[in-house]
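**Q** Have a look at this one.
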Amino acid sequence: MRNNRLLYLVEVAIFAAMAFVFDLLGNIMSFSLWAQGGSVSIAMVPIFLMALRWGVKGGVVTGLLLGLLQIVSGTAYILTPVQGILDYIIAFSAVGLSGLLFSLIQKKDNKGITNALYVAFGILLGSALRFLAHFIAGIVFFGAGAADGQSVIWFSLLYNLSYLLPSVLVSGGVILLLFSSAPRLLLKKPAH
């Protein structure tokens, strides 16, 4: 029991650090294409892995740590404290809610394709919740960036989809590739 808790804590720390490094690389490689924050990155991959390996708690704690690391390091784009909490703390913690499917993925009698569908649905769920947090922040705090006559809702929708959709597709692809080639990374089933 104690070793399991230690393993959990070590994995949370390592995966949060990996997510932060992936986010930094995404920011560097995106060449500041998004003036009000955002980048195409695989920073969600470690959060998804923790959520799918340890459940909601593992995913949410890893996402929370990523958001805090972004804020503390000064890489976060923050206008107000509420916007910072919404765009960094809530958004990345929400990615960890992909772990809601943890118990379904960990069932012993699942076939590979069934688990792949559960994993894909978990990725979509966590990504959609992250998008919702950024979308709301975009409407409330970044509406001034909309072109004259453009709806603030459309502005936030298009702006956030422009970087999140590619991030979700790449991150989801990486997770599904890992799952198909090394399912033991996600599954905590006992070996037979």
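The values are calculated or read from the model by the stated rules, or taken from the named source; none is laboratory data. Since we're looking at a predicted model, the values are computed, not measured. Areas reflect the complete protein model, heavy atoms only, side chains present, ligands, DNA and RNA absent. Shrake-Rupley method; radii C 1.70, N 1.55, O 1.52, S 1.80 Å.
**Q** Leaving out ligands, DNA and RNA, what percent of the accessible area of the chain is carbon and sulfur, probe 1.4 Å?
**A** Of all accessible area on the chain, carbon and sulfur atoms account for 74 percent.
**Q** Return an integer: the convex hull volume of the alpha-carbon atoms of the range 1-125, in Å³ per residue.
**A** Hull volume normalised by residue count: 110 Å³.
**Q** Report, in order of residue number, the helices in the chain meeting two criteria: a C-alpha extent of 30 Å or more along the helix axis, and a mean Kyte-Doolittle hydropathy of at least -0.5; treat each whole DSSP H run as one helix.
**A** 2-29, 112-141, 152-181
**Q** Hey, in the GNM for the chain with a 10 angstrom Cα cutoff, which one of Leu86, Leu25, Leu164 fluctuates hardest?
**A** Comparing Leu86, Leu25, Leu164 in the GNM, the peak value goes to Leu25.
**Q** Using the heavy atoms of the protein chains and a 1.4 angstrom probe, tell me the accessible area per residue for the chain in square angstrom.
**A** Normalised by residue count, the accessible surface of the chain is 52 Å².
**Q** For the range 47-192, what's the radius of gyration and Dmax over Cα atoms, in angstrom?
**A** Just the Cα atoms of the range 47-192 yield Rg and Dmax of 16.9, 63 Å.
**Q** Evaluate Rg over Rh across the range 124-191, taking Cα atoms for both radii and Kirkwood's formula for Rh.
**A** 1.22
**Q** If you don't mind, another one. Looking at the range 72-130 from every direction and averaging, what is the projected area of its Cα convex hull in nm²?
**A** Numbers: hull surface 19.8 nm².
For the Cα atoms of the range 72-130, the hull's average projected area reads 4.9 nm².
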